[in-house]
Structures are given as C-alpha cells and as structure tokens.
1. Look through Gly116, Gly154 and report the one residue that is at pLDDT below 75 and in a helix (DSSP H, G or I).
2. Please work out if Lys141 is at pLDDT 65 or above and more than 14 Å from the chain's Cα centre (by Cα).
3. Give segment 19-39 a look and list any residue that's outside any loop (DSSP other than H, G, I, E, B), under 16 Å from Gly65 (Cβ atoms) and of a type outside the set (A, V, I, L, M), or say none.
Amino acid sequence: MLDGLIELIVSWVVSTISNLGYLGIFITMAIESASIPLPSEIIMPFSGFLVSQGKFNFYLVAAAGGAGNLFGSILMYGLGYWGQETFVRRFVRGWGKILISEHELLIGERWFRQYGDFIVFTSRILPVARTFISLPAGIAKVDFKKFCAFTLAGSLAWSAFLTYIGVKLGDNWSILEPIFRKFDIAIVLLAIIIAGGYLFFRFRRLSGS
C-alpha cells in the first residue's frame, strides 16, 4: 500500500513538473515546505534529470526550489505566529499539559528565540526536520526577516544539492528516493523513542505529584 502511494506521489510530481516547468517546481516545493508529505528528494532530482536533458537550467531549477520552500515556510511561520494563542496554548492548557507545561513552552520559545537563526538554517538541510521547523519558528516569533533569509539560504543549498545529484544520476534519479526514505524512517523512529521515553517519565512525575 505504501509503495503504491509513493508511486502515485512520484507520478503526480513528474507530471506537474513536466507540464508546468519551473512553476511546477515552485508549487511542489512550496507544498513540501508547508509540512505536507511531498518529498523534495523526488522533486529536485527529477528536475536535475531534466537539466541533464537540456530542458531546464540548473540555476533556475535551484532558484525555483528555494523560492517554493520559502513560500511554503512563510505560510507555516504565519500559522505559528498568529495561531499561537488559538491552537498551541489552548492545547497546552488542556490535554497538552501531559506533554508540556506552559512554563516549559515558554522556556522552549525563549531558547528558540536565542538560537533560532542557527536552527532555521541547519534544519533546511536535514530530512524530516526541514519541513516542520517553520511552525515553531513562528510560535517563538523568530525575527521574520532573519527567518526568511536563513530559510532561503538553507533551501537554496538543499535544492542545488539535490538538483546536482539528479544531473549526475540522469535517468537513474529515482534511486535517491528509497535511500532518503531510510534516513527519514530512522529519524522518525528515533523521535518516537525519545518521545516515548519523555512521556514515560512525565507520566511518572505527574502520577507522583
């Protein structure tokens, strides 16, 4: 079932980019950066393959990918910035207090404000994390201009890297997807283990208080 879904995603990405060109790259990368599971490890290597075929320009492909990432990231940043009280704090005051207290949330926001520039940039070249970092950046109200600058810089680097690999691999570009999927799965499993350990100790602490 998962393989069928992935094939469907790949087919849609290929069709969108083939029909819309650079606009297709922008749209698909914007969707990916808005925390919707549309892997850039498919989008950009395929675009790189089209560069190797002489259909696209390398620099315009990287620019379209970076710009799409920035647009999608701004949408998520805005959701975190303006929806903080509506969604995040209401959740924390309710069932969310099992996961985190308001005091811990404030500490996390303070820490993110202090180191947010570095986190935003480095997360852009990390699997999984790169698509979800914009929401906490908005919640922590990281300086918007810096957020955009670091997001664009990191996204351009990531887009150029994947495009270059796609150029070198040629029509074998699709072999990248299962490789990166293994990295994604490993990171998700690690996150689940960490979250499970955190919840276990938190429940023990709450039950003992």
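The values are calculated or read from the model by the stated rules, or taken from the named source; none is laboratory data. Treat the numbers as computed from the prediction; the structure is a model and nothing was measured. Neighbour counts are summed over all protein chains in view; Cβ atoms, including those assigned to glycine, are modelled from backbone coordinates with ideal geometry.
1. On the way: Gly154 fails: at pLDDT below 75.
When all the criteria are applied, what remains is Gly116.
2. When the stated conditions are applied, Lys141 passes them.
3. Listed by number, the residues that qualify are Tyr22, Gly24, Phe26, Thr28, Glu32, Ser33.
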